[in-house]
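Participant: My questions will all concern the structure given below.
The values are calculated or read from the model by the stated rules, or taken from the named source; none is laboratory data. In this text the structure is predicted, and so the values were computed from the model without any measurement. So basically every Cβ, Gly included, is an ideal-geometry build from the backbone, and we count neighbours across all protein chains shown.
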Amino acid sequence: HCRRLRALSLSLCAHVDGRALAELGTLGPTLESVGLHGCVRVTPRALARLAHCSRLTTLDVGGALGLTDSSLDQLLPCWPQLTSLSVSESSALTDDALRHIGACCPRLERLAC
């Protein structure tokens with residue numbers, strides 16, 4: 001199933017949750033871009049299902065519920081290739097998250113907060 005899939009946008013899909021991301025996680029070696037902006041059922045626990053997607057260069061999780069500094073601390077090391085990250089509409093993030101993003105994402109070219 002879609003073993004060559006490199007980019008997927010599920011932005012504004014209200015019913016995407018951890019189960020859907022578990023399926024995406026099985027595509028880990030090929031996925032480079034994932035758009036989940038506005039997927040309100042995507043939690044940090046659900047995002048952890050994408051931890052094996054080590055080739056991710058673009059990730060949009062704007063509007064993800066419960067995204068915190070500590071959840072980013074745990075997840076960002078999984079994606080060292082990120083060049084574009086959106087965490088917009090994530091009101092629980094602080095300046096500490098920005099520092100951690102800077103430390104964990106040396107290739108980052110675009111950041112949306």
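Participant: What's the total number of residues in the stretch 39-73 that are touching a strand residue (DSSP E or B) at 6+ places or on another chain (Cβ under 6 Å), surrounded by fewer than 23 Cβ atoms within 10 Å (Cβ to Cβ) and not β-branched (Val, Ile, Thr)? Before the answer, list the steps.
Facilitator: Step one: of the stretch 39-73, the residues touching a strand residue (DSSP E or B) at 6+ places or on another chain (Cβ under 6 Å) are 58-60, 62.
From what is left, the residues that are surrounded by fewer than 23 Cβ atoms within 10 Å (Cβ to Cβ) are 58, 60, 62.
Then keep just the ones that are not β-branched (Val, Ile, Thr); that gives 60, 62.
Number satisfying all stated conditions: 2.
Participant: What strands (runs of 3 or more DSSP E) lie completely within the stretch 1-82 and have 1 or more residues being at pLDDT 90 or above and within 16 Å of residue 108 (Cα to Cα)?
Facilitator: 33-35, 58-60
Participant: Please find, within the stretch 75-104, the residue that is surrounded by the fewest Cβ atoms within 10 Å (Cβ to Cβ) out of those that are of a type in the set (A, V, I, L, M, F, W, C) and within 15 Å of residue 32 (Cα to Cα).
Facilitator: Going through the qualifying residues, I end up with 78.
Participant: Residue 4: surrounded by fewer than 18 Cβ atoms within 10 Å (Cβ to Cβ) and without any contact (Cβ under 8 Å) to a residue 60 or more places away in the chain, yes or no? Talk me through it step by step, then tell me what you get.
Facilitator: On the way: surrounded by fewer than 18 Cβ atoms within 10 Å (Cβ to Cβ): yes; without any contact (Cβ under 8 Å) to a residue 60 or more places away in the chain: yes.
Here the answer is yes, as residue 4 does meet what is asked.
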